[in-house]
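> Below is one structure. I have some questions about it.
FYI, it's all coordinate maths here, none of it is from the lab. This one's a predicted model, so the numbers in the text were calculated from it and none came from an experiment. Here the Cβ positions follow ideal geometry from the backbone for every residue, glycine too, while neighbour counts run over all protein chains shown.
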């Protein structure tokens, strides 16, 4: 069971609610499993977390700018703000640590059938899913530690 929190499109709502700016991702859709690189490694050192984790993504919008009080915790090659926190009580994650590959496969089919992406792009993403796994347990540990006030 996953701890409750804001992930995926909810990060956009959260980002806007604290005074940030959101919009369509300049790089377009980010679908698949993406490596997220942590910016503030000192926070993650005490948790014995690696400097990057893989996470399932399925989005074409992103948080583009945050207020000064917010801290960007992670970025990726595709998205400038993959994860942030605002004080000790708000954290947003762009990706979906709660998703499985089966959920992602279903989403790829849905967005392809709705013509949001080309079918060939969806098939390419599906073929790459066999090559890498998301770091599900590490994300669960990270989220749980945030909720316990250890991040």
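> Once label points are set 7 Å from the Cα along Cα→Cβ at both residue 89 and residue 147, what is their separation, rounded to one decimal in nm?
It works out to 1.7 nm between the two label points.
> Working only with C-alpha atoms, what are the Rg and Dmax values of region 98-151, expressed in angstrom?
15.0, 44
> While we're looking at this one, here's another question. Considering only DSSP beta bridges whose two residues both sit in the chain, what percent are antiparallel, to the nearest 5?
Of the beta bridges lying entirely in the chain, close to 90 percent run antiparallel.
> Something else: When 90, 56 are ordered from fewest to most other Cβ atoms inside 10 Å of their Cβ, what list results?
By the 10 Å Cβ count, ascending, the order reads 90, 56.
> Pairs of Cα atoms under 8 Å, at least six residues apart: use those to get the relative contact order of region 10-151, whole percent.
Taking the mean separation of contacting Cα pairs over the length of region 10-151, I get 26 percent.
> So how do 49, 91 line up by other beta-carbon neighbours within 10 Å, fewest first? Let's see the in-between values first.
Details: 49 19, 91 22.
Ascending number of Cβ neighbours within 10 Å: 49, 91.
> Report the FRET efficiency, 1/(1 + (r/R0)^6), for residue 21 and residue 116, where r is their Cβ-Cβ distance and R0 is 22 Å, rounded to 0.05.
Efficiency computed from Cβ-Cβ geometry: 0.45.
> Here's another thing I want to ask about it. Rounded to the nearest 500 deg cm²/dmol, what is the calculated helix-only ellipticity per residue at 222 nm for the chain, with -39500 (n - 2.57) per DSSP H run of length n ≥ 4?
-9500 deg cm²/dmol, from helical runs alone.
> Using the Kirkwood radius over Cα pairs, work out the Stokes-Einstein diffusion coefficient for region 6-147 at 37 °C and 0.692 mPa s, in µm²/s as a whole number.
212 µm²/s
> Something else now. Under a plain spin-label model, where a point goes 7 Å from the Cα along Cα-to-Cβ, how far apart in nm are residue 72 and residue 39?
Output for this residue pair reads 0.4 nm.
> Which of 29, 139 comes first, and how do the rest follow, when ranked by fewest Cβ neighbours within 10 Å?
29, 139
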